[in-house]
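Trainee: Here's a structure for you.
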């Protein structure tokens, strides 16, 4: 990527863990990086030259109409005033989100003639061959992502998943390796193409070297509250008590007293998990993330942990909003996809995409 022709970079991510992942990659290259939450306060003055600005929109958790409106709002607020900025659209590496609608809106707002949508992450075993999306060699529709409560993978074919993409000028190339991604970047780096996709594509765009291996599980020191907020999350063996969400609450009950979290009051640390996957749909997804967020709010009110670790972008957004924590300072990138920031209250907040496994599990 010909970075010298740009005065800065703007990244728009449809969830907060995706935003944090990209911020970590940019931060690791020595760039000045700012992470913003698009909660209505984002404006033109917040975007500075000679730096990367990453904006979390949470549009993946919205309806398609809401996502389009929010994308248009962001575009009208500052993108058109920063025509010399490179714009990157971060999307989920498991094909979730309102991809075509948001890319179409961004192209209309920015004047890009086409978009390259590349959700492949070869560094994590996520590849595209002949239009079929694979996770470690298994078509995505045959993995647990077929049970995703909001965007279930009912097909592994990108053209079938996004039938309107080609007609709207969205190219979806195959990619099975880092070399493939670099070839795609070189082919479409013409100043007229909006690049969109997962972390591996962004890594190649910013020229930060070899793509990285999966993140290792955390080793929190001090008191810790860990929210495994994705149905794709796997149990962590950390010597911390685990409190699985009761099935009654998973199935829709609002009585959080059913959830046994006494270990948190006794020990100051706890892992909350969602051990069920049999329900899908927007209402289910909203219930799960807001229930997890409300439980986290109640526990933090009892005792503010030294560390808050959250898996899952929608859960992270809902939790931080419930806590009222909206301002963060980047501390470090712990591992690819795992970023640690400090909230104003002093708690270290670690975010990880729920669809990524911990590397040593």
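Here, each number is a calculation from the coordinates, and none is a lab measurement. This structure is a prediction, so every number in the text was calculated from the model and none was measured. Neighbour counts are summed over all protein chains in view; Cβ atoms, including those assigned to glycine, are modelled from backbone coordinates with ideal geometry.
Trainee: What is the angle, in °, between the Cα long axis of helix 99-110 and the longest principal axis of the Cα atoms in the chain? Nearest 10 is fine, range 0 to 90.
Mentor: 50
Trainee: If each residue of separation counts as 0.36 nm, what is the full-extension length gain between residue 73 and residue 332 once their alpha-carbon separation is subtracted?
Mentor: 90.2 nm
Trainee: Listing 132, 25, 55 from the residue with the fewest other Cβ atoms within 10 Å to the one with the most, what is the order?
Mentor: With the sparsest Cβ surroundings first, the list reads 132, 55, 25.
Trainee: Select from 61, 257, 157 the residue whose mean-square fluctuation is largest in a Gaussian network model of the chain (Cα-Cα springs shorter than 10 Å).
Mentor: 257
Trainee: Exposure proxy check: 297, 289 ranked by fewest other beta carbons within 10 Å?
Mentor: Starting with the residue having the fewest Cβ neighbours, the order is 297, 289.
Trainee: Indicate the gyration tensor shape class of the stretch 251-361 (rounded, prolate or oblate), computed on the Cα atoms with a ≥ b ≥ c the square roots of the eigenvalues: a/c under 1.5 is rounded; otherwise a/b larger than b/c is prolate and the rest oblate. Display every interim value, and only then the final one.
Mentor: Details: a/c = 1.60, a/b = 1.21, b/c = 1.31.
Oblate.
Trainee: Here is a follow-up. How much of the DSSP beta bridge set in the chain is antiparallel, as a percent to the nearest 5?
Mentor: If we restrict to bridges inside the chain, about 30 percent are antiparallel.
Trainee: Working from Cα positions, state the angle (0 to 90°, nearest 10) between the long axis of helix 16-28 and the longest principal axis of the chain.
Mentor: Result, in degrees: 60.
Trainee: Under 10 Å, Cα contacts only: if you run a Gaussian network model on the chain, which one of 308, 256, 270 comes out with the highest mean-square fluctuation?
Mentor: Among 308, 256, 270, the largest GNM mean-square fluctuation belongs to 256.
Trainee: Suppose each label sits 7 Å from its Cα in the direction of the beta carbon; what would the residue 177-residue 113 distance come out to in nanometres?
Mentor: A separation of 3.0 nm, rounded to one decimal place.
Trainee: For a footprinting-style exposure proxy, rank 133, 88 by other Cβ within 10 Å, fewest first.
Mentor: Going from sparsest to densest Cβ surroundings: 88, 133.
Trainee: To continue, here is another question. Provide the percentage of antiparallel DSSP beta bridges, counting only those with both residues in the stretch 82-197; round to the nearest 5.
Mentor: Antiparallel bridges: around 45 percent, rounded to the nearest 5.
Trainee: Note the full-extension length gain between residue 303 and residue 187 as 0.36 nm times their separation in residues minus their Cα-Cα distance, in nm to one decimal.
Mentor: Details: separation 116, 0.36 × 116 = 41.76 nm, distance 5.30 nm.
That pair, residue 303 and residue 187, stretches by 36.5 nm at full extension.
Trainee: What is the antiparallel percent of DSSP beta bridges lying wholly in the stretch 3-206, to the nearest 5?
Mentor: Counting only bridges with both partners in the stretch 3-206, antiparallel ones make up about 25 percent.
Trainee: A further question on this structure: As I understand it, the value is the acute angle between the Cα axis of helix 313-323 and the longest principal axis of the Cα atoms of the chain; what does it come to in degrees, rounded to 10?
Mentor: 60
Trainee: Related question: Can you show me the helix-derived [θ] at 222 nm for the chain, built from DSSP H runs with n ≥ 4 at -39,500 (n - 2.57) apiece and divided by the number of residues, rounded to the nearest 500.
Mentor: Counting only the DSSP helices, I get -8500 deg cm²/dmol.
Trainee: Right, here's the next one. Going by a ≥ b ≥ c, the root eigenvalues of the Cα gyration tensor, does the stretch 3-206 fall in the rounded group (a/c under 1.5), the prolate group (a/b larger than b/c) or the oblate group?
Mentor: Cα axes put the stretch 3-206 in the prolate bin.
Trainee: Let me ask something additional. Once you have a ≥ b ≥ c as the square roots of the Cα gyration tensor eigenvalues for the stretch 123-202, tell me rounded if a/c is under 1.5, and otherwise prolate or oblate according to whether a/b is larger than b/c.
Mentor: oblate
Trainee: At what distance in nm do the modelled label points of residue 254 and residue 138 sit from each other, each positioned 7 Å from its Cα along Cα→Cβ?
Mentor: Here the modelled spin labels are 3.7 nm apart.
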